[in-house]
Ligand SMILES: Cc1cc2nc3c(=O)[nH]c(=O)nc-3n(C[C@H](O)[C@H](O)[C@H](O)COP(=O)(O)OP(=O)(O)OC[C@H]3O[C@@H](n4cnc5c(N)ncnc54)[C@H](O)[C@@H]3O)c2cc1C
């Protein structure tokens, strides 16, 4: 399907025209391309770096996926290696996504930075570092983690303390000798705290709201349970507090060959000092919340509820005989008297690693569809502007959307909606969120 019109640019020159521009060549943009090609919709995929750019440039050296290999499923491509229960290294993830780009013959243009997208002439005018394109539809697949999200008070940290984010961190050797304060106890924070502690440094971990999970449960990877029980299929419009679900921190999981559980008890046993949420900084002192015990109890309670839901599903779903016996895990042990402040001028802490989450960057998007919190306004991937779509955002259409294994269904359905829009642009009747397979295990995460 090729767009015959050739609008003119600001200098009167004819500009390139295509039906769909996909922005970003991570797995989400490539999946969009796969389904666009299936429907013979003329498109290009614009990528500012290389294919799988964020895995190449924005991750640390030791990182492995926390989702097992068998869960790395993309449209038409499955993991076929010898270790389905293992966890991919960054090199393996890059290879896997590159292979996907190759087999799906995605029309990717690398080294093309999109600097503006605006509504124009019954479509969108896309300005890039290599020229201008007019497209009737645009798929935003630029990722949800373009920038580290760091509290504003970071600028009050004394200059003698080095500050890093996961984007700048590669390995422990990069940090000055001495103590490290890791802020945030989601997957990134617990993994970096463990790595830094193993490198011989004193490590303090500041813990706020977190999601605790065992690596394995009743003999299976805990993410197998999420998948098999249908919990990850819970649809976004069935979730009571969707905003909260979309902002949920990543679970405390690490992908290691030994399938170890990396929870706060494990970190405390390694000698990591646990402190509360970093609330403020005053006169060079970090002030931590006293609510550590509550944060622990809440995470323990939610984990118990989740495991109860898995047990219930095993019973009703006929999996009881196959699974090992139900397990329960020791509560998270609070330190006797957690420290409430830390003098950052004392020299005890030489570096801070902010593992406080990530946020998307839509600075290039000149369509008024970004809310005050910097998030795209969309319903199941249909952005609040005709012909504009998004893929690859947390809980976009269902809980599994956050992960690689969620893209296949999401991309198929979003591109189906896009195709309908192209065929009948004035018909608003087609709802993007049609009933999906119902989740069988129900629990509030
Ligand atoms: C630390 C970390 C660990 C994760 N671990 C897992 C895991 O174990 N399992 C799992 O399933 N998921 C994991 N995820 C979540 C998710 O799979 C990744 O965030 C994934 O990279 C998202 O893919 P994507 O294609 O949507 O976005 P990205 O991979 O971020 O791709 C977006 C692409 O868009 C490009 N781009 C951005 N802006 C522009 C622009 N203006 N012009 C042109 N190109 C642009 C970028 O260069 C990039 O290549 C993890 C995420 C993080 C941050």
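The values are calculated or read from the model by the stated rules, or taken from the named source; none is laboratory data. Since the structure is predicted, the reported quantities are computational estimates derived from the model, not experimental observations. Note that each Cβ is placed from the backbone with ideal geometry, even for glycine, and that neighbours are counted across all protein chains shown.
A few notes on this one:
- Pick from region 120-146, criterion closer than 26 Å to residue 380 by Cα and surrounded by fewer than 16 Cβ atoms within 10 Å (Cβ to Cβ), ranking: farthest from the ligand (Cβ to nearest atom): 122
- Enumeration of residues in region 358-401 that are surrounded by fewer than 19 Cβ atoms within 10 Å (Cβ to Cβ) and within 28 Å of residue 285 (Cα to Cα): 359
- Subset tally (residues that are outside any loop (DSSP other than H, G, I, E, B), more than 18 Å from residue 34 (Cα to Cα) and in contact (Cβ under 8 Å) with a residue 60 or more places away in the chain) for region 62-111: 2
- Filter pass, residue 186 being at negative phi, at pLDDT 95 or above, within 14 Å of the ligand (Cβ to nearest atom) and surrounded by fewer than 16 Cβ atoms within 10 Å (Cβ to Cβ): no
- Here region 32-61 is the region considered, the condition is being closer than 16 Å to residue 113 by Cβ and not in a loop (DSSP other than H, G, I, E, B), and the residue that is farthest from the ligand (Cβ to nearest atom) is 44.
- Residue match in region 82-93 (condition: out of contact with any strand residue (DSSP E or B) (no Cβ under 7 Å at 6 or more places or on another chain) and crowded, with 21+ Cβ neighbours inside 10 Å): yes
- Residues that are surrounded by fewer than 24 Cβ atoms within 10 Å (Cβ to Cβ) and touching a strand residue (DSSP E or B) at 6+ places or on another chain (Cβ under 7 Å) were ranked within region 407-418; the one that is nearest to residue 88 (Cα to Cα) is 408.
- Residue 303 fulfils the conditions (1) in contact (Cβ under 8 Å) with a residue 60 or more places away in the chain; (2) in contact with a helix residue (DSSP H, G or I) (Cβ under 8 Å, 6 or more places away or on another chain) except for a single criterion, (2).
- For the residues 205, 181, the requirement of being buried (at least 20 other Cβ atoms within 10 Å of the Cβ) and more than 23 Å from the chain's Cα centre (by Cα) singles out 181.
So that you can scan it fast, the table gives a plain yes or no per residue for (1) more than 20 Å from the chain's Cα centre (by Cα); (2) closer than 30 Å to residue 194 by Cβ; (3) within 14 Å of the ligand (Cβ to nearest atom):
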{"position": "359", "(1), (2), (3)": "no, yes, yes"}
{"position": "363", "(1), (2), (3)": "no, no, yes"}
{"position": "369", "(1), (2), (3)": "yes, no, no"}
{"position": "387", "(1), (2), (3)": "yes, no, no"}
{"position": "394", "(1), (2), (3)": "no, yes, yes"}
{"position": "398", "(1), (2), (3)": "no, no, yes"}
{"position": "403", "(1), (2), (3)": "no, yes, yes"}
{"position": "421", "(1), (2), (3)": "yes, no, no"}
{"position": "424", "(1), (2), (3)": "yes, no, no"}
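- The listed residues are 362, 389, and the only one of them that is part of a strand (DSSP E or B) and under 26 Å from residue 21 (Cα atoms) turns out to be 389.
- Only one of the numbered conditions (1) assigned to a loop (DSSP other than H, G, I, E, B); (2) touching a helix residue (DSSP H, G or I) at 6+ places or on another chain (Cβ under 7 Å); (3) at pLDDT 95 or above is not met by residue 353, and that is (1).
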